[in-house]
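What follows is a single structure, written as structure tokens, with notes after it.
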Amino acid sequence: MRKFLLTIFLVLISFYTHAEENLLISDIKVEGLQRIDPGLVFSNIPFELNDPIDEVNVSETIKLLYKTGQFKDISVEQEGSKIIILVNEKPVISELNFSGVEAFQDDRLKTGLSQMNFAAGLVFDKTDLKKVEQEIARQYLSLGKYTASVSAEAIPLERNRMRVNIYVEEGSVSRIKEINVIGNRLFTNETLLENFKLKVTNILSWYNKDDRYSRQVLNGDLEGLRSFYMDKGYLDFKVNSSIIRISESKKHVYIDISVAEGNKYTFAESKLSGKYENVPEPLLQAQIGTHQGNVFSRSEVTATTARLNQILGDYGYAFSNANAIPNVDKKERTVAFNYFIDPGKKIYVRRINFFGNEKTKDSVIRRQMRQFESSWYSKAKVDRSKARLSQTQYFDRIDLDVSNVPGATDQVDINIQVAERNTGKVMVGAGVSSNDGLVGTFTLSQSNFLGTGNTVTTSISTGEVNKTYALSYQDPYWTDDGVSRTFGAYRRDVNTSDLSTASYNTFSYGTSVDFIVPLTEYNSVSFGATLDLTDIELGPYATQEYIDYCRGLSGSLSTNDCNSDSVSISAGYGRDTRNNAQFPTEGQVFRLGANIGLPVFDMNYYILTAKAEKYWPLPNGMSFKVRGTLGLADAYGDKTFPFFKNFFIGGSTTIRGYDNASVGKKTVNATTGEYETTGGKSSLLGSAELFFPPPGLKNVKSFRFNTFIDGGGVYKNGISGDVSRFSAGVGALWLSPFGPLTITYAKPLNEGTHDKVTELQFGMGGAF
């Protein structure tokens, strides 16, 4: 019996053990979820229903669920064939609020915090609050606000969510009180700190914000300081340390910079080496600016290598490398340079491809190119081609890319992507000028008519002195060689009653044709012809000179009105190398012109003019300009020179500070008793101007100040000092959205007894 019972017991134990080994998962429960979908749990556990329960890996399950980042506590239990997963969710950020923030926009701070994975919708971790406080405080430090304090709090909400409130007390800006350079013997602190972007608090700091400490800006200033010394010859110069001190009140910042100037070096003999057989050595030698005996200058070394690469690029070596290898002699304090040239392979241009020109014809773009297909690559020609495309003003953007040709190591394609602009313009405006009074303008133009590159323009300008109505059509490439042809028609009315001249009115109608023939990239000649029909109305108070002219034309002593018609031809030569047509800072303009009235109608005359301008760039966004003009005119044959063709000077475009057209010899009008000027048949004008950006606005291209000296005059019979006038003053020019705004204040330097002076002159609107 005992054996039987023992056998039964062993059979039951064996059966139970076998059943336990084959037990399957009948249910999986997840407890503790508040906001998270159960699907997240089920998709991250390594088992499912009907899997053997003895294969459940509790440790692996907990590890996988922790990996989701959504839980702070997890446990797994078994009840028979059921698996129960107990979780404790991490809270999620539902709101992120800021209080006391004025220096930043909330969106900017939220964007910055999101890069730290701290944002609405993300899991909240209490340890992140400290990091958030530190990051926002760092943002305020970048603004120089060292007294700013930041605190953050998290408030629990229903469904395991958190509201995060960030409180800021911005405090006051900590301003730079002193910047001290220590160890400098050769240059004063003022000289060294002149080009620093960081400044001690000054009258413009409220706008420039340059008195707020920034480590990044200081690093840039220290590199600029190093460059300053390197360009003065101090090769061994180094910055020993830069120490930042903050006052106890945290309102002031003190910067101490310790330097070691070292010894001054000069250039020893420089030489060329490497491969440059196909490039003339004298041409390369001419690019070396590091001449023996000159003071060492790092910028000159950099400029020399850039010039060498430019020349190599012009000879087809697009990927050349001119490397300056120094040889320093500390005993003699000299630096010799070996410019090692590795030209690489000579590169040819296979194709020039254009993209994006849906309206502009391909030929209109291609005719501006100075780099040609099937010729060697020239960097100068590629740069010039892009500049010429930009000058057409047909495109908002021009992107030029040089790409290698697959399978060829010595060929490239040039791909030019353009974004066309709307070249049709309707301009309606009004302005006021101290010369012309109230001026209204209307201009309708299409500078890329039907994608041909031709320009059609109609314009109307109305002022108290000048009224003009004009229509023109220009074909800039009338011939394949770039000869430009322009047809024009106009009506021009002049009323001088508001000027300081003897008064008269003219009503002119005319038509013209002009041609411009390019000689080189920057030089051109022009010629043209004009038919002009002019009616002259003198009125009852005309000066005797004007009366005599009209009576001579009409042959009648009973009228003061007349007609003066002409056919004139013109010719000119011009050279323009300016880097910008509106605000040039470098280059020059030189123009010679001649206008001759043919013996066809009433006027036989000639007018000769010469004009020269030169610009020099100066540091800190400044530039200097010198201008000079000369004019000579007279009649030929038995005709009298038309008085309305005289030269007139005075006003905001010639000698500032004097009334418009008021400079010149004065005569008394027998009728009115007024002193008047009637202009002259010769003129001389000169000026010198210094242009500079407004303080704190060096990067603003549409605004600048100037100071100037003007001088010159118009003359009846040769240049005479007693009618020459001079002035000096200051001015400003703003290319506003409503047109150019100019204002000048000029003081006449040798005002005559009967001169008419307007020291403050201004203008707004009109063409420029």
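Here, each number is a calculation from the coordinates, and none is a lab measurement. Because the structure is a prediction, the values reported are computed rather than measured. Don't worry about glycine lacking a Cβ; one is built from the backbone with ideal geometry, like all the others, and counts go over all protein chains shown.
Brief remarks follow.
- FRET E, pair Tyr509, Thr672, Förster distance 30 Å, beta-carbon r, rounded to 0.05: 0.50
- Degrees separating the helix 544-554 axis from the principal Cα axis of the chain, which is the longest one: 80
- Look at Thr479, Thr534, Thr201 and count the other Cβ atoms within 10 Å of each Cβ; fewest to most, that gives Thr479, Thr201, Thr534.
- When Glu60, Glu689 are sorted by how many other C-beta atoms sit within 10 angstrom of their C-beta, beginning with the fewest, the order is Glu60, Glu689.
- The angle between the Cα long axis of helix 379-391 and the longest principal axis of the Cα atoms of the chain comes to about 70 degrees, rounded to the nearest 10.
- Summing +1 for each Lys or Arg and -1 for each Asp or Glu among the other residues whose beta-carbon sits under 13 angstrom from that of Ile28 gives -4.
- Multiplying the residue separation of Arg388 and Arg367 by 0.36 nm and removing their Cα-Cα distance gives an extension gain of 6.6 nm.
- Asp106/Tyr207 FRET efficiency (R0 25 Å; Cβ-Cβ; nearest 0.05): 0.50
- Residue-averaged 222 nm ellipticity for the chain, from DSSP H runs of 4+ at -39500 (n - 2.57), nearest 500: -5500 deg cm²/dmol
- Using C-alpha pairs under 8 Å with a sequence gap of at least 6, the mean separation divided by the residue count of the chain gives a relative contact order of 5 percent.
- 17 Å Cα-Cα reach of Lys379 towards lysines, excluding residues that sit fewer than 8 places from it in its own chain: Lys345, Lys346
- Counted by Cβ distance under 10 Å from Ala612, the other residues give a net charge of +4, where Lys and Arg count +1 and Asp and Glu count -1.
- Between Val30 and Ile85, the built amide H atoms are under 5 Å apart, and every one of these is 5 or more places off in sequence or on another chain.
- Tyr573-Phe340 pseudo-label distance in nm [points 7 Å out on the Cα-to-Cβ vector]: 4.9
- For the chain, the longest principal axis of the Cα atoms and the long axis of helix 298-314 meet at an angle of about 80 degrees.
- Packing-based exposure ordering (other Cβ within 10 Å, fewest first) of Lys110, Lys90: Lys110, Lys90
- Neighbours of Asn560 by Cβ distance under 14 Å: Lys/Arg scored +1, Asp/Glu scored -1, total -4.
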